[in-house]
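To start, the structure under review is shown below, and the notes come after it.
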Amino acid sequence: MLRFPDSRRSHRRWGGLSDARLNVLARDNLVFNLQARQVPGDAIAQRYGVSPAVKIGTVSAQAQISGPPSNLRTAVQFQAPEATYPGTGSVLVSGGKTCCVTLISG
């Protein structure tokens, strides 16, 4: 397991990555876990040219990138408690395509 020593740093404006770990399970299989806490969803959206009509607020997320390098799978679970419509959700990306998106508002 490779742990990134600076992964617990946070930025007062941008929130931060609270944990990042890379495990190489076999010769051609890896698992990369990330955890982000209180990152500014609105600022990130604007950085990518998106101006949502609703407030996103801070977002926390857990992500895992896994599989062989030629066929990585990404799974993300996120929480947006300060959004105009607070909620949680998950996204699964495999083979370069978004396979499943789940959003729960409440």
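The residue list V76, V31, V59 contains one member that is within 12 Å of the chain's Cα centre (by Cα), of a type outside the set (D, E) and farther than 15 Å from S105 by Cβ, which is V76. Under the condition of being in contact with a helix residue (DSSP H, G or I) (Cβ under 9 Å, 6 or more places away or on another chain) and not in a strand (DSSP E or B), the residues counted in segment 78-106 number 2.
Can you name every residue in segment 11-57 that is exposed (fewer than 15 other Cβ atoms within 10 Å of the Cβ) and at pLDDT below 60? Answer for segment 11-57, where residues must be exposed (fewer than 15 other Cβ atoms within 10 Å of the Cβ) and at pLDDT below 60: H11, R12, R13, W14.
In segment 46-53 there is no residue that is among the small types (G, A, S) and within 17 Å of the chain's Cα centre (by Cα). On the given criteria, is S66 farther than 21 Å from C99 by Cβ, under 17 Å from the mean Cα position of the chain (by Cα) and modelled with pLDDT of 90 or more? For S66, the condition - farther than 21 Å from C99 by Cβ, under 17 Å from the mean Cα position of the chain (by Cα) and modelled with pLDDT of 90 or more - is not met. Based on what the data block shows, is S7 outside any strand (DSSP E or B), at pLDDT below 85 and small (G, A, S)? So S7 fits the description; yes. Kindly indicate whether A75 is surrounded by 14 or more Cβ atoms within 10 Å (Cβ to Cβ), at pLDDT below 90 and part of a strand (DSSP E or B). Taking the combined requirement at face value, the residue does not satisfy it.
Pairing each residue of segment 33-44 that is within 14 Å of Q79 (Cα to Cα) with any residue that is aromatic (F, W, Y) and outside any helix (DSSP H, G or I), provided the two are 6+ apart or on different chains, yields C-beta distances under 8 Å for V39/W14; P40/W14. Against the condition touching a helix residue (DSSP H, G or I) at 6+ places or on another chain (Cβ under 8 Å), surrounded by 16 or more Cβ atoms within 10 Å (Cβ to Cβ) and touching a residue at least 24 places away in the same chain (Cβ under 8 Å), how does I65 come out, does it pass? Judged against the criteria, I65 is not a match.
The values are calculated or read from the model by the stated rules, or taken from the named source; none is laboratory data. The structure displayed is predicted, hence computed values, not measured ones. Neighbour counts are summed over all protein chains in view; Cβ atoms, including those assigned to glycine, are modelled from backbone coordinates with ideal geometry.
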